[in-house]
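Asks: Here it is, the structure, as structure tokens.
Nothing in this text is a laboratory measurement; each read-out follows from the coordinates by a stated rule. This is a predicted model, so every value here is computed, not measured. Here the Cβ positions follow ideal geometry from the backbone for every residue, glycine too, while neighbour counts run over all protein chains shown.
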Amino acid sequence: PATFRDPPERPGAIREGGAMQHGRTADAGAARTRRAASTGSLLVAAAACVAAVGVVVPATPASAAGTIPAPPVVGELATHIALEQLGKPYAWGGAGPDAFDCSGLTAYSWDTAAGADLSLVAATQASADVVPTAGSSLEPGDLVFYDDPGVAGIAHVSLFVANDAGSVVESADNPALPVRLQPMGWWTSPPVAMGRPLVPAADAGFPAAIQDAGSGYDLLKANGGVDNFGAPWHGSLAGRMPIGAGVDGVGLANEPTTGGYWILSSDGGVSNFDAPWFGSPRASGGPGANTVANPAVAIAAGHQGVGYDVLRGNGGVDNFHTPWHGSLAGRLPAGTVALGLAGDSATGGYWILTSDGGVSNFDAPWFGSPRASGTASLTNPVVAIAAEGGGYAVLFAGGGVETFGVAWAGSLAGRLPGDVMAIALAGVGGRAGYRILESDGQVASFS
């Protein structure tokens, strides 16, 4: 019904942000994130670990006090950091930054990304440091565990990068073999367990999305909090997002008439703040919607700000008070997922960005894509798309920007530290230029 809000906004919500520290949100500097899927199902792992004899994977461990299952945006930063270690040598017991064994690489990547306190023993990581994950719902950064024929217990751990049953970044127990990309099934036996690492609860405040707000911009955090810069604050879901249950804030869209916005959560919920509510995938349900394996991933305001469209991981688009222009549901290659949605202000159509660098147009002109131009790569994947000046811009994890149908205004390529990545992109109100949100909470503007 039109009176239902998803979830209802609660009056008197505490405003949690807005202060700036050297160009970043006051609480984001302590956390680093990312949200990108990459092409080619990968695991990042270093050398085979010595098995802990007699250790087996237990039932789902309870979250340690003060920890939560890592939000997807944090897992993707851990993946980015692991990929930065490609080519480094194997060393038994190596925990970085110069050499690694298998559990040393996973522990280093997660500690650097999020301050996660993972054990340096693969079996202990499996039993105490993760919450189990099904293979169909693996996300970047999840840990994948293997046993070894003839040896009891967990023998090896690797870090999942993307989901096409493809590869791992691996360094076998051989000093001659560095950290490298390998097929997911390269080990002597199939995976026996998979899990999402536990991270400090404070990591729920990692930045997740950025949205132009006319006079300024708004930043969404994984816990549903919103920080506003040069624009009015309209409310947030801080304290109400069930992030510990695996539900995260993933998208933000501005309503230009009222200046309010809509927040999209990964379970398909759409919450409205000084903007009309028209429905949500969570409320409407439908085949394949709102599952862990097919989360909501992006939201875009409709033509002239009327209504909104929601993109799901399988490429499906749900429209709310907007015309439906088409989708990629049932058409994506195995292992490719939808990442971003951008509306064309001229036609009312939209563009969908996929993890292989493809851009698909629906009632909107096509100007090209990273996949077509050959610029998309496994180690520097695409992460976001934004409409800009009649065309669109695509952001890469390394901070690079490729523009299509519009002039290039600059990028952060080659300028980000190894433990920071680009995670989101926003246009600037139909004008030329864009803003890049970094995983450490900083925002870079280009015009």
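Asks: Would you please name the chymotrypsin sites (Phe, Trp or Tyr not before Pro) within the range 330-401 that are DSSP coil residues with at most 15 other C-beta atoms within 10 Å of their C-beta?
Replies: W366
Asks: Go ahead and run the numbers for FRET between D419 and S136, Cβ-Cβ distance against an R0 of 22 Å, rounding to 0.05. Walk me through the intermediate numbers first.
Replies: Values: r = 30 Å, r/R0 = 1.37.
Computed FRET efficiency for D419 and S136 comes out at 0.15.
Asks: With each label point set 7 Å from Cα along the Cα-Cβ vector, what nm distance links T379 and D274?
Replies: 4.6 nm
Asks: If you don't mind, another one. Express in whole angstrom the spacing between the alpha-carbon centres of the range 203-278 and the range 409-436.
Replies: 19 Å
Asks: What order do you get for K88, K221 when you list them from fewest to most C-beta neighbours inside 10 Å?
Replies: Values: K88 19, K221 32.
Ordered by Cβ neighbours within 10 Å, fewest first: K88, K221.
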